[in-house]
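Reviewing the structure listed below.
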Amino acid sequence: MENSSFAALAEVLRLLTRLEIPHMVVGSFSCNAYAMPRSTKDADIVVDFGTEDFNRVTDELGPDFYVDRQMSFETITNSVRNVITYRPTKFDIELFRLSDDPHHQARFSRRRTESIPSADLVADIPTAEDVIIQKLRWQREKDVSDARNVIHAQLDNLDWDYLHRWTDQHGTTELLEQLRSEAI
């Protein structure tokens, strides 16, 4: 990804911080903070805001950004999503509104400020455990690969009781244990 795309992500994060809108970077960027970085074509941010806050964000973004005001839904946790496109590079920044999903709420409350070296950013991100849990919920090939990489890199630092509590609820414990056994 081009440095200007990282700069666009950083600009959106600074705006959210300045407007005092709670947020965290999720998806591949959060994985990159805990494991071997991989490239991505977009950035995902969970935000705790409503329509008024969304309008404040879109009003303050410059002309290099296009905001799709049409909301779509993410089906696993039923959260609302809006897409911001950085025009010069066509880089998408997806804003997912914090949903009432119990794990979504838990991972947001546990977020921490960490460095994302691959993007030269410091941002609020989920814990390594919450990255793994969410990636296992999606179960797409790239998500399972991301979970595998985080487990391999963080194996001795993970809270396995916390992981099991959520994977038991989501029906992904068998997959978690398979990835864990590969890492040992």
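The values are calculated or read from the model by the stated rules, or taken from the named source; none is laboratory data. These numbers were taken from a predicted model, which means no experiment stands behind them. Neighbour counts are summed over all protein chains in view; Cβ atoms, including those assigned to glycine, are modelled from backbone coordinates with ideal geometry. When the accessible area is computed, the model is the full protein with side chains, heavy atoms only, and any ligands, DNA or RNA have been set aside. Shrake-Rupley method; radii C 1.70, N 1.55, O 1.52, S 1.80 Å.
If contacts are Cα pairs under 8 angstrom and at least 6 residues apart, what is the relative contact order of the chain in percent?
21 percent
Find the accessible area per residue for the chain; the probe is 1.4 Å, ligands and nucleic acids are left out, and the unit is Å².
The answer is 49 Å² per residue.
With N set to the number of residues, divide the alpha-carbon radius of gyration of the stretch 1-47 by 2.2 N^0.38 Å and report two decimals.
1.17
Just to be sure I understand: of the beta bridges DSSP finds with both ends in the stretch 29-123, what percent are antiparallel, rounded to 5?
If I count the DSSP bridges inside the stretch 29-123, around 75 percent turn out antiparallel.
Can you run the Rg to Rh ratio on the stretch 1-81? Use alpha carbon positions and the Kirkwood inverse-distance Rh.
0.95
Can you list the equivalent-ellipsoid semi-axes of the stretch 121-184, largest first and in whole Å, using the square root of 5 times each Cα gyration tensor eigenvalue?
17, 13, 13
What's the carbon and sulfur percent of the chain's accessible surface, probe 1.4 angstrom, rounded to a whole number?
Percent of accessible area from carbon and sulfur atoms in the chain: 45.
Please report, in cubic angstrom per residue, the volume enclosed by the convex hull of the alpha-carbon atoms of the chain.
Cα-based convex hull of the chain, divided per residue, equals 108 Å³.
Nearest 0.05, what FRET efficiency do Glu177 and Gln105 give at R0 = 22 Å with Cβ-Cβ as r?
Calculated transfer efficiency: 0.30.
Can you give the Rg/Rh ratio of the stretch 62-144, where Rg is from the C-alpha atoms and Rh is the Kirkwood radius?
0.99
With a point put 7 Å past each Cα toward its Cβ, work out how far His164 is from Asp64 in nm, to one decimal.
Between His164 and Asp64, the label points sit 4.9 nm apart.
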